[in-house]
Structure formats: structure tokens, C-alpha cells
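Structure first, commentary second.
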Amino acid sequence: MVPKRWARRAVTRNAIKRQIYSVSASFDAALPQAAYVVRLRAGFDRKVFPSASSVALKAAVRTELLQLFQRVGGSRQGAAS
């Protein structure tokens, strides 16, 4: 979920969603079958990330998503062992 409150422009929200789909696809094998919800909880400042297609925004979103999915995947794998 990428609310308009945190990412005002639709192009930014869509870019963030594409990153979520991309990163989650790489973790399909590590995560059990379930419905997962990824929710944006803080905004991306337009002064720091002026363009939705900027490399800086994509890198920032991807880094946070990788940390999130690794934490979820690691806790699931640790619980199964």
C-alpha cells in the first residue's frame, strides 16, 4: 500500500509498487505461501528525490525492501529450524 499522503505523485507511487513487486519476486522461494502486505509508513521528500525515475529513489526503496524481506525471510527460516 502506497498512500497518497506519503507519495503525492502517482508516478512515484507506481515506481515504488514496481520495486515492491520486483524485490518480492526474488524472495518467493524463501517465503512461505501467504498474502503479504507492504505498507509505506514514511514519505519520500521531493526535494531529496525530485524524479520518480531517479536512480537515488529506486536505490533507497530497494535497500529498504531488501532489509524488510530479509528480516521476514530470516525470522521464518529461523522459526522452522
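Read-outs: derived from the displayed coordinates by stated rules, not from any lab. Being a predicted model, the structure only gives us computed values, none of them experimental.
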Notebook entry, point to check: In a GNM of the chain with a 10 Å cut-off on Cα contacts, which of Ala15, Ala60, Ala34 has the highest mean-square fluctuation?
Noted result: Ala34
Checklist line | Residue of Ala56, Ala35, Ala25 that the Gaussian network model of the chain assigns the largest fluctuation, springs spanning Cα pairs under 10 Å | finding: Ala35
Item checked: Using alpha-carbon coordinates, inclination of helix 10-26 to the longest axis of the chain, degrees -> 20 degrees
Check: With springs only between Cα atoms under 10 Å, which of Lys58, Lys47, Lys17 fluctuates most in a Gaussian network model of the chain?
Finding: Lys47
Notebook entry, point to check: Taking θ as phi - 60°, what are the ³J(HN,Hα) couplings along region 39-48 by the Karplus curve (6.51, -1.76, 1.60), each to the nearest whole Hz, with x for Gly and Pro?
Noted result: 10, 6, 10, 8, x, 10, 5, 5, 6, 7
Note to self: What is the angle, in °, between the Cα long axis of helix 55-80 and the longest principal axis of the Cα atoms in the chain? Nearest 10 is fine, range 0 to 90.
What the structure shows: 20 degrees
Next item on the list: Note the listed values [x] 26, 12, 11; [y] 19, 13, 11; [z] 47, 17, 9, then indicate which one is semi-axes √(5λ) of the Cα gyration tensor in Å calculated from this particular structure.
Entry: [x]
